Amino acid sequence: MSLTIDDLKAQNMILFECISGSRAYGLDTPTSDTDIKGVFYLPKERFYSLQSDYIPQVSNETNDIVYYELGRFVELLLQNNPNMMELLATPADKVLYRHPIMDSLKPDWFISKLCEKTFAGFANSQIKKARGLNKKIVNPMEKEKKSLLDFCVVFSDGKSINLQQWLEKNNLNQRQIGLAVMPHATQMYAMYVDDGNQDFHGIVQKETTNQVSLSSIPKGMNPVGYLSCNLMGYSKYCKDYSDYWDWVENRNEERYQTTISHGKQYDAKNMMHTIRLLQTALDIAKTGKVIVKRPNRHELLAIKAGQSDYKTLVKMADELTIDISRAFRDSNLKDEPNRKQVLEQLVKIRQYLYS
């Protein structure tokens, strides 16, 4: 049986509730949504029942309100998950409710050098996505998909020519062509033209095929040319085509149009949060604290508005990553959270809640 947010509130199971996202970061604008994150605990009978009954999180349909079960919250904190580390460090003015028992989970127990991997690592994965987005925007693909025939070249009379052009020039259809393998030559075929008495299979039997067809060639027929088929090129094209049109179908159209409108060819909101994550990681290495509310609101909102070019931001991210690596190497932070101490405290919290 599932739980809803109304269930959590009706049964007083919420332990921690905060305003999160841009409003917590100090990066909100008049159009910003209000995101809520929090922590709840399962009723005793649910927690001690079948493992399949365990509910790690409860959210609304749009996922802008999410509550994490206490055990899941602690598990993610031990992994130095950025979202959970920021949730635990939420500024006091953004905390809507905090059960006193939550004070027993000390932020210092969790901060460790793992944050370099989780904060900076996630940020750099976003940079990789940004590069992919930039590539898609700069190199749009035609909706009409090419066929294998478009990746074939004919060698004839000492010259090379695109297959489709060669067929048109010789007033031929690809189905009139018979192919025979050229010994000791990779993806190279001898081409023969049906004289009306042959039953050649053509170069391809279907437009969607990923391989050429071979025909039985009668003895004595002379080739009209030689065909080279770039199968690897076609395979890469098919993957790129699929990736591109999947992206078009699933992209956030509002954010895409914003990206197009500022003309910088990157997702500005994503890049803003990428730089924010990297700067937060650098703070952790230098101060040992997760600083949720960012002191450079103007700079970050300028990035969101598309006031920086793509290459400048990627360079900025690369330089921050180098600084972060150096700062974590020189820091006195522990290598990882004190798992034993944290889990002992989690047991005490459970015992208190279920007493």
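Quick notes on this structure:
- Lone qualifier among R326, R339, R294 - being modelled with pLDDT of 95 or more, exposed (fewer than 14 other Cβ atoms within 10 Å of the Cβ) and of a type outside the set (S, T, Y): R326
- Members of region 179-217 found to be farther than 16 Å from C229 by Cα and loosely packed, with under 15 Cβ neighbours inside 10 Å, listed by number: D195, G196, N197, D199, S216
- In the set D318, D283, only one residue is at pLDDT 95 or above and part of a helix (DSSP H, G or I); that residue is D283.
- Residue count for region 29-46 satisfying the condition of being in a loop (DSSP other than H, G, I, E, B) and buried (at least 17 other Cβ atoms within 10 Å of the Cβ): 2.
- Filtered residues of region 12-44 (kept if touching a residue at least 24 places away in the same chain (Cβ under 8 Å), farther than 16 Å from M85 by Cα and hydroxyl-bearing (S, T, Y)): T29, T34, Y41
- Among residues of region 47-91, those that are within 27 Å of K117 (Cβ to Cβ) and part of a helix (DSSP H, G or I), counted: 16
- Scope region 4-42; condition polar (S, T, N, Q) and over 30 Å from Y354 (Cα atoms); matching residues: S22, T29, T31, S32, T34
- Scanning region 184-204 for residues that are within 16 Å of K219 (Cβ to Cβ) and of a type in the set (S, T, Y) turns up just one, Y192.
- Qualifying residue in region 92-101 (condition: surrounded by fewer than 14 Cβ atoms within 10 Å (Cβ to Cβ) and part of a strand (DSSP E or B)): yes
- Scanning region 168-183 for residues being over 43 Å from the mean Cα position of the chain (by Cα) and either farther than 18 Å from P218 by Cβ or free of Cβ contacts under 8 Å to residues at least 24 places away in the same chain (or both) gives a total of 7.
- Annotation: of all residues in region 122-148 being small (G, A, S) and surrounded by 16 or more Cβ atoms within 10 Å (Cβ to Cβ), the one that is modelled with the lowest pLDDT is A130.
- Residue count for region 286-309, restricted to those that are among the polar types (S, T, N, Q) and closer than 19 Å to M85 by Cβ: 1.
The values are calculated or read from the model by the stated rules, or taken from the named source; none is laboratory data. Source: prediction; values computed, not measured. Every residue, glycine among them, receives a Cβ derived from its backbone with ideal geometry; neighbour counts consider all protein chains shown.
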